[in-house]
Amino acid sequence: MEALIVSVRAAEWRAQPYMNQSRKDPRNRWLGALALILALILWYWYAVFIVQNSFLLPSPYDVLLAFISLVKKGILLTDITTSFVHFGIGLGMALLIGIPIGIAMGWSRKFDAFLDPVVELLRPIPPLAWIPFAIIWFGFTSLSAGFVIFIGAVFPILINTYSGFRSVPRIYVEAGKMLGCTRSADLIRFIAFPSALPSVAAGIRIATGVGWMCLVAAELFGVSNSGLGMNLWHYYDLHQMDVVVVYMILLGLIGLAIDMIFRYWIDRHFLKWRTGEVA
């Protein structure tokens, strides 16, 4: 069985385009840093010399002062912790529900025919449209925010898992049966899931981004007294736009960090065979 898994992974690795050398080129990192520096310079010039109104567009210096003030008050850590709780609830539920349903629909045509109409009916509904029911069902609690994030995250996971299992080459399944892997549970565990893992990982990555974007709306209706999204709107009501920009940048940076950590962890522990790093 182990030999079969290795052969499946080797075959898929050979079919992938070889792009690793260009991605690891250190010159590309300097280009990214240069783009950020130019963006900051343009932002400062436009805010100070063109707009000349810190309410309409705070300058980077105003934002830096606001950030220092928030750090001294000690509220940022509480906001970040609260937002991570909401995000963890939503993403955790999405993983627990999206992956099993995606596997069932991708592996069994009967499950696919049975569940596809319901999934396709619910999938186009925007996550924000579920906010009234989140309040009615869970009240003003962290579960309400988690539910809205769950709605945004579950369908990318489900659809990508389904697509990954639908795309498993039939020859892999037949080879597994010939080598004694006859039960559906064993075929899913040893054949289908390793083959579909890149697609599943892509779905989770998309879901983390969508769920994190839903965070602001999820916290908007007052599920707690803290949180990045909640305080973003709170300081907007106070017309402190420099603080609003601080929270916007924090949301972007944390979302970027989550994505980078997830990609590193997945590539390091599950997809090393795609780059030839099998040791």
Does residue 235 qualify as being among the hydroxyl-bearing types (Ser, Thr, Tyr), assigned to a helix (DSSP H, G or I), surrounded by fewer than 22 Cβ atoms within 10 Å (Cβ to Cβ) and modelled with pLDDT of 90 or more? yes
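Residues are listed down the side, and each one gets a yes or a no for (1) of a type outside the set (Val, Ile, Thr); (2) buried (at least 23 other Cβ atoms within 10 Å of the Cβ); (3) modelled with pLDDT under 80:
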{"site": "146", "(1), (2), (3)": "yes, yes, no"}
{"site": "161", "(1), (2), (3)": "no, yes, no"}
{"site": "171", "(1), (2), (3)": "no, no, no"}
{"site": "180", "(1), (2), (3)": "yes, no, yes"}
{"site": "187", "(1), (2), (3)": "yes, no, no"}
{"site": "190", "(1), (2), (3)": "yes, no, no"}
Would you say residue 202 is surrounded by fewer than 18 Cβ atoms within 10 Å (Cβ to Cβ) and either modelled with pLDDT of 95 or more or assigned to a helix (DSSP H, G or I) (or both)? yes
If a residue has to be under 19 Å from residue 170 (Cβ atoms) and aliphatic (A, V, I, L, M) to count, how many in segment 105-141 make the cut? 1
Which residue pairs have Cβ atoms closer than 8 Å, lie 6 or more positions apart in sequence or on different chains, and pair a first residue in segment 122-136 that is over 19 Å from residue 213 (Cβ atoms) and touching a residue at least 60 places away in the same chain (Cβ under 8 Å) with a second residue that is surrounded by 11 or more Cβ atoms within 10 Å (Cβ to Cβ) and among the small types (Gly, Ala, Ser)? 135/144
Could you go through segment 209-227 and let me know if any residue there is under 24 Å from residue 112 (Cβ atoms), part of a helix (DSSP H, G or I) and not β-branched (Val, Ile, Thr). no
Among the residues listed as 69, 83, 59, the single one being at pLDDT 90 or above and under 19 Å from residue 255 (Cα atoms): 83
Looking for something in contact with a Phe, Trp or Tyr (Cβ under 6 Å, 6 or more places away or on another chain) and among the aliphatic types (A, V, I, L, M) - is there at least one such residue anywhere in segment 114-121? no
Scanning segment 238-270 residue by residue, those closer than 19 Å to residue 77 by Cα and either of a type in the set (D, E, K, R) or outside any helix (DSSP H, G or I) (or both) turn out to be 242
Say we look at segment 148-167 and pick out the residues that are free of Cβ contacts under 8 Å to residues at least 60 places away in the same chain and hydrophobic (A, V, I, L, M, F, W, C); which of these is farthest from residue 111 (Cα to Cα)? 155
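The values are calculated or read from the model by the stated rules, or taken from the named source; none is laboratory data. Everything quoted here is computed from the prediction, not taken from an experiment. Methodologically, a virtual Cβ is constructed for each residue, glycine included, from the backbone with ideal geometry; neighbour enumeration extends over all protein chains shown.
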